[in-house]
1. Might you check whether a residue that is out of contact with any Asp or Glu (no Cβ under 6 Å at 6 or more places or on another chain), modelled with pLDDT of 95 or more and within 24 Å of Val464 (Cα to Cα) occurs anywhere in the range 91-104?
2. Specify the residue that is surrounded by the most Cβ atoms within 10 Å (Cβ to Cβ); the eligible residues are those in the range 55-93 that are under 24 Å from the mean Cα position of the chain (by Cα) and closer than 17 Å to Glu143 by Cα.
3. List pairs: first in the range 53-69 and in the same structural domain as Ala121 (by TED's automatic domain parsing) and more than 22 Å from Val205 (Cβ to Cβ), second surrounded by fewer than 16 Cβ atoms within 10 Å (Cβ to Cβ) and not acidic (Asp, Glu), Cβ under 9 Å, 6+ apart or cross-chain?
4. Of all residues being of a type in the set (Lys, Arg) and over 27 Å from the mean Cα position of the chain (by Cα) in the range 390-429, which is surrounded by the fewest Cβ atoms within 10 Å (Cβ to Cβ)? Just the residue, please.
5. Would you list the strands (runs of 3 or more DSSP E) that sit entirely within the range 372-478 and hold 3 or more residues that are at pLDDT 95 or above, within 18 Å of Ala293 (Cα to Cα) and among the polar types (S, T, N, Q)?
6. Being among the small types (Gly, Ala, Ser) and in contact (Cβ under 8 Å) with a residue 12 or more places away in the chain is the filter; apply it to the range 236-259 and report the residue that is surrounded by the fewest Cβ atoms within 10 Å (Cβ to Cβ).
7. On the basis of being outside any helix (DSSP H, G or I), over 23 Å from Thr38 (Cα atoms) and in contact with a Lys or Arg (Cβ under 7 Å, 6 or more places away or on another chain), does Val225 make the cut?
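The values are calculated or read from the model by the stated rules, or taken from the named source; none is laboratory data. The shown structure was predicted, so the numbers you read here are calculated from the model rather than taken from an experiment. Counting neighbours? That spans all protein chains shown, and the Cβs are built from the backbone with ideal geometry, glycine included.
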Amino acid sequence: MSDRALRLLNSIGGSLEEAVSGERASVTSPSDGREIATVPVSGAEDVDRAVIAAQRAFETWSQTTPKERQTRLLALADLLTAHGDELAELEALDAGKPISVVRPEELDHGIDNLRFFAGAARLLEGRAAGEYMQGRTSWIRREPLGVVGGIAPWNYPILMAIWKLGPAIATGNTVVLKPAPSTPVTTLRMAQLAQEIFPPGVLNVVNGGVEVGKSIVTDPRIAMVSLTGSVETGKWIARNAADTLKRVHLELGGNAPVIVFDDVDLDEVLPKIAGVGFYNAGQDCTAATRVIASAKRYDEVVAGLAEQAKSLVLGDVLSHDTTMGPVNSAGQLRRVTGFLDRLDPSSEVVSGGSVRAGAGYYLHPTVVAASDPQAEIVQKEIFGPVMTVQQFSDEEQALTWANSTSYGLSSSVWTNDVKRALRVSRRLQFGVVWINDHMSQVSEMPHGGIKDSGYGKDLSMYAVEEYTTVKHVMAAWGE
């Protein structure tokens, strides 16, 4: 990448545009503070223009064949593959991710999602057709909703953008997408590339902050809002979307329990758990940050995770030697260290816990031994490189503690006992449960939570259905 900052623009109606205000903002890398791009600071007028463009495009895009939508999504996947090295570098700098994981773990996964949604576009069907009343035939149609508003988070900028635009466009909707203001670079660049793929107005990307988000949520012309973000933001959207009765899709916070029984091989298991606990500096709603370990192996688990934490390499995100990057911003660093500053007397920092000296928002990966299951650091989503470890006495206690959180996104159980694994997985109150694994995802299987983690599914055919409405058609043909 050139040392010169990129000058990025909104994508509205097939054109690259400045914000109506003319204002621009600087985007800096959380790894070293350098400016990597300047972007428009948009507002309600920009959203209005994008919605008008999306409405106009919907009139024709909604009438395209599944084959055409598939062809264009596959073309986007091919184009992102061709620009993969550029996008991976931008994502590493913009989001503070080690470049060694961006391409294989996130960008390539997102491209595979696009290919899946492209195929899914050709598989939508009604589930019933027949004569349910004398002289009349009924059938079911699945049809697009209209203009979909997408609001993406800062922790997985390009991947979450794909999770929203992929199923929406595949089913014949048009999109107005808002990236997170701190990490808009790859989404704006992707939209720029996509202009040669989609007709004008099918995919619109408007960069901005709260005003853009509020405009998307409250606009009566937008039929659905899909958010990946915080619980507080999700609740606000649900309340305000009610005024226009628009559909809402929410993937919110998480606080994943990781139950480790005493029959596992810790030498094999702990590197995996630490890997997904500290992945993306712990800034993941599914991160394995709340370990609940058998009392028989508790000391080994604590010591082993601490050793894994010490082995991580913090540094330049463009270096392939770096294995953990910074947190997103100075504010996020203050938030995470605040949990450690307020640590209750029953908890102890075993490893890490300090901010790395020098440039960037780096916190040394931290392991906390926590004995109180109601402690703030156990109950709340930390969203940083901090793992807590508790010890349980029996299976029932492990399940009670695992389910005690208000979140319900993901969880895992680690055991070699098949019956126990099935029994525990059934009782875990989370939208995703892994057995002897954590955080693995495939395009064919759904991802989404319950309770404070929201509702609706990403990935899979379940996500595709979220972006459609069911219509019953009945034809009378006889007396």
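1. Checked the range 91-104: no residue is out of contact with any Asp or Glu (no Cβ under 6 Å at 6 or more places or on another chain), modelled with pLDDT of 95 or more and within 24 Å of Val464 (Cα to Cα).
2. Arg69
3. Thr65/Arg122; Pro66/Arg122; Pro66/Leu123; Lys67/Arg122
4. Lys419
5. Result: 386-392, 410-414.
6. Only one residue fits best here, namely Ala238.
7. yes
Rundown of residues vs (1) in contact (Cβ under 8 Å) with a residue 40 or more places away in the chain; (2) part of a loop (DSSP other than H, G, I, E, B); (3) in contact with an Asp or Glu (Cβ under 8 Å, 6 or more places away or on another chain); (4) assigned by TED's automatic domain parsing to the domain that holds Ala95, yes/no style:
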| site | (1), (2), (3), (4) |
| --- | --- |
| Lys296 | no, yes, yes, no |
| Ala306 | yes, no, no, no |
| Leu318 | yes, yes, yes, no |
| Thr322 | yes, yes, yes, no |
| Pro326 | yes, yes, no, no |
| Gln332 | yes, no, no, no |
| Arg335 | yes, no, no, no |
